Amino acid sequence: MIRIVATNTGSDTMFMSAFDFKAFQNGTSLDTAIYTDNPQGYDGEAQMKTIRKGVKQTVQVAYVLSDQTSPVSVEVSDVFGGSNTISKEFTL
């Protein structure tokens, strides 16, 4: 599970429609995980809440790992024309 804190600088919108987020392990994109019982602290609905302009929202995105040891790279970018892409690598 990866936590992302984002501030909406555009119009009111949902996180998942405003930001493009991807995770990679060993150079391959990871599938999003779907939980039947959410782990403690995980709010799968946060991605679908509307965020007003200027408000920060914390969301968690869960992925299915290809292995338990290789680092995971995450990229987040603005869907609405922003050329900014934030990348971070996480060690497991």
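The values are calculated or read from the model by the stated rules, or taken from the named source; none is laboratory data. Remember, it's a predicted structure, so these values are computed and weren't measured experimentally. When we count neighbours, we look across all protein chains shown, and the Cβ atoms used for this are built from the backbone with ideal geometry, even at glycine. These accessible areas exclude ligands, DNA and RNA; they are computed on the full protein's heavy atoms, side chains included. Shrake-Rupley method; radii C 1.70, N 1.55, O 1.52, S 1.80 Å.
Just a few scattered comments:
- Any hit, the range 12-26, residues being in a loop (DSSP other than H, G, I, E, B), among the acidic types (Asp, Glu) and farther than 16 Å from ASP78 by Cα: no
- Within the range 58-68, the residues that satisfy the criterion of being over 13 Å from the mean Cα position of the chain (by Cα) and either touching a residue at least 40 places away in the same chain (Cβ under 8 Å) or farther than 23 Å from ASN38 by Cα (or both) are LEU65, SER66, ASP67.
- The range 64-82, residues that are in contact with a Ser or Thr (Cβ under 6 Å, 6 or more places away or on another chain) and either modelled with pLDDT under 90 or of a type in the set (D, E, K, R) (or both): GLU75, SER77
- Positions within the range 58-84 being assigned to a strand (DSSP E or B) and open to solvent by less than 30 Å² (accessible area, probe 1.4 Å), in sequence order: VAL59, GLN60, VAL61, VAL72, VAL74, VAL76, SER77
- Looking only at residues of the range 42-57 that are farther than 13 Å from ALA6 by Cα and open to solvent by less than 50 Å² (accessible area, probe 1.4 Å), we find that the one that is modelled with the highest pLDDT is TYR42.
- Residue count for the range 23-37 under the criterion of being open to solvent by less than 90 Å² (accessible area, probe 1.4 Å) and not small (Gly, Ala, Ser): the result is 6.
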